[in-house]
Structure formats: C-alpha cells, structure tokens
1. Sort through ALA329, ALA309, ALA321 and tell me the only one that's more than 16 Å from the chain's Cα centre (by Cα) and surrounded by fewer than 18 Cβ atoms within 10 Å (Cβ to Cβ).
2. Can you go through ASP58, ASP44 and tell me which one is of a type outside the set (A, V, I, L, M), open to solvent by 20 Å² or more (accessible area, probe 1.4 Å) and farther than 26 Å from TRP137 by Cβ?
3. What pairs come up if the first residue lies in the range 49-60 and is aromatic (Phe, Trp, Tyr), the second is assigned to a loop (DSSP other than H, G, I, E, B), and their beta carbons are under 7 Å apart, counting only those six or more places apart or on different chains?
4. Take the residues of the range 274-302 that are open to solvent by 40 Å² or more (accessible area, probe 1.4 Å) and in contact with a helix residue (DSSP H, G or I) (Cβ under 7 Å, 6 or more places away or on another chain): which is nearest to GLY15 (Cα to Cα)?
5. Quick check: is even one residue across the range 30-39 part of a loop (DSSP other than H, G, I, E, B), over 15 Å from GLU75 (Cα atoms) and touching a Ser or Thr at 6+ places or on another chain (Cβ under 9 Å)?
6. I need the full set of residues from the range 236-254 which are open to solvent by 50 Å² or more (accessible area, probe 1.4 Å), part of a loop (DSSP other than H, G, I, E, B) and without any contact (Cβ under 8 Å) to a residue 40 or more places away in the chain, in order please.
7. Collect the residues in the range 107-138 that are among the hydroxyl-bearing types (Ser, Thr, Tyr) and surrounded by fewer than 23 Cβ atoms within 10 Å (Cβ to Cβ), keeping them in residue-number order.
8. Considering each of GLY98, GLY85 in turn, give the residue that is in contact (Cβ under 8 Å) with a residue 12 or more places away in the chain and touching a Gly at 6+ places or on another chain (Cβ under 7 Å).
Amino acid sequence: MRTREFAGTQVGAVGLGCMGMSWAYTESECDDDASVALIREALDMGVTFLDTAQVYGDGHNETLLGRALAGRRDEAVLATKTGLGVESLETRNIVRNGRPEYVKASAEDSLRRLGTDVIDLYYLHRVDPDVPLADTWGAMAELVAEGKVRRLGLSEVSVAQAAEAHAVHPVAAVQSELSLWTRDALGQPGAGASGSGSISGAGDAGDVVGWCAANGAAFVPFSPLGRGFLTGTVTAADFEDGDFRGANPRFQEEALKANLRIVDVVKAVAERHGATPAQVAIAWALAQGEHIIPIPGTKKQRYLRDNAAAADLDLTETDLAELDAVPAAIGGRY
C-alpha cells in the first residue's frame, strides 16, 4: 500500500476506524474475536493508522484494540479520544466534558484499556462549550510533557478553534467527517452542516482541510464512505434496532432515495476503472490533499481489503470533476 506521512512517520494512506466493531452499526454482527483478527490482518496489509475512542462502547473498543495490538504495538500509530463521556450505554446518552481533570483522568483509563504506556495521537473528541478550549488543550499538552501522549488532535472543529488550540500547543491532526456527501470541512457547508450546539460538530467550520495543509497537520476524514451509503449497498432505510443510521435524517426513506443519485455517479466512475464504489469514494477523499488519511471502518475482512486497495487507485481529472459536481446530500448529518 502507498503511504503518507503523519508527524514524521510513514503510515498506510488508508487507515482503519474501529468504532463499528463495538457499537453504532449492525451491532448483531459485532464479534470480538473476528475484530481482533481483522485488526491484525490490517497491520499485515500496511493499514497502520488505527482510530478508536473512549466513548465507543464506553471503553469496549479501546479494550478490543489493546487486545489486538498485544505484541504488535510498535507496528501501529494509535489514536484515541477524550472529551465525550457515556452517561448511559443503554440509551446512548453522550455528554461533552472538557474539564482538565476529566481529560487527564480519561487518558489514564485509555492507557490502561489499550495496554500501552503512550498514546500516539490523542484527540479532543468534541469541544466543550462550557470549558475554555485553552484550558482543555492545556491539560492535554501536559500529558505530552509527561510522556503519556505523543501528539494532539481535534475532532469536528472550526478553523477558528483549530487556530486557537494551535497557539497553545501544535495541532498534529484534525478529524472530521468528509466524503462525497459531506464536504463541510472543505469550506462547502450544505445540507449536511450541523449546528454548533449539537454533539455532532462545529457548524460552519470553514476550510479546515486547507487550514491543516497550511499548518502542517494531517486531516483525517471519518465516514469517507458516508456511513456505508457510498458503497452502493444501502438502498433502503432498513436497519436493525439500535443502528445509528435508523434515526439519521439522511437515511430516512425519502432522503435516501434522493441521495442515490450521488451513488449513481460513483458507480459510473468505478465502472470505468474496474473498481468498486467504495474504492472510488475513498480515492476521492485521498485526492483532496497529500496530508489526508481517511479512516473507513469495517467489521469484515473483504471490505478491509477493498478499502485498502483504494490507496492505489488514481482518479483522473475528469473523474474528479465529475465527482465534485455531484449534488449535496439531502438531510442533516445527525
């Protein structure tokens, strides 16, 4: 697989988001043993940029990743997150918490669950509007000084928030949703923009991808496959109970049918290359800049291999122009 640089280290150009191995999508298919095997296969393939968070399954995902990396920790660049807490796993009630004492205590919990003595990339999962960002970020910077964290990142922030944090301590990465149907991070807010007061993001964020390029930070797109929609396999609003997408505005029947016009274009480009729609969607994200490292998630080995192969797919200028012209998604992100 082709590689890209993160903070002086070469990583696979396509990473792996591990959230779905613990919750949110088709939870009946979650299988810890199978997920451990998948993570280890990912390392074998050169998929070395691995992403988790404290909030995914209320610690379960970190524990799972720690188990998978036992004896292979040095092969991975390991990212996890703080700043969100699960009040109720049953109801999925999630709250922001950027208090310095919480951030530092949750880092200790993450280190324990991950079975490691250092976190390569520690994100603030969401900015807490009730705590000054400088206070939260300052506490995270102390973790770097203590040797418990190597680099710091932000998730779903605006350009102004990224700049504010960067003035306190370098921002090594920003993670936000970016795909053919979610382009807010490119400074193209549309139907997918979410209000700054929600758990989801920073509203009209500005050109965060451009800010990262100008300031030496990686940009890490999550959900580059549109939560599975851009693969072309989701054609009806038919999800099992508890699946996040069942309540997502974009996946409601009327919106979903309208959004299939986006998939039609992706499929057409894929056919020209003898590729899959998933590979085209990921290759489009990669084409937005050499500092971009997408992290598609999967629980299935065949999709892992499919996603990884996107790193070697070169889209033409014609392809990119055709994809860039697809309409905005109908329905909010959350």
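1. ALA321
2. Values: ASP58 fails: farther than 26 Å from TRP137 by Cβ.
So the residue among ASP58, ASP44 that is of a type outside the set (A, V, I, L, M), open to solvent by 20 Å² or more (accessible area, probe 1.4 Å) and farther than 26 Å from TRP137 by Cβ is ASP44.
3. Close Cβ pairs (under 7 Å, with a partner that is assigned to a loop (DSSP other than H, G, I, E, B)) amount to PHE49/GLY15; PHE49/ILE293; PHE49/ILE295; TYR56/SER22; TYR56/TRP23.
4. Within the range 274-302, the match that is nearest to GLY15 (Cα to Cα) is GLY297.
5. Of the range 30-39, the ones part of a loop (DSSP other than H, G, I, E, B) are 30-31.
From the residues that got through so far, the ones that are over 15 Å from GLU75 (Cα atoms) too are 30-31.
Pick out the ones that are also touching a Ser or Thr at 6+ places or on another chain (Cβ under 9 Å) and you get 30.
Checked against the condition, which is being part of a loop (DSSP other than H, G, I, E, B), over 15 Å from GLU75 (Cα atoms) and touching a Ser or Thr at 6+ places or on another chain (Cβ under 9 Å), the range 30-39 yields at least one hit.
6. ASP238, ASP241
7. THR116
8. Details: GLY85 fails: touching a Gly at 6+ places or on another chain (Cβ under 7 Å).
The unique qualifying residue is GLY98.
The values are calculated or read from the model by the stated rules, or taken from the named source; none is laboratory data. None of the values given here were measured: they were computed from a predicted structure. All Cβ positions, glycine included, derive from the backbone under ideal geometry; neighbour counts span all protein chains shown. For accessibility, only protein heavy atoms count, side chains too; no ligands or nucleic acids. Shrake-Rupley method; radii C 1.70, N 1.55, O 1.52, S 1.80 Å.
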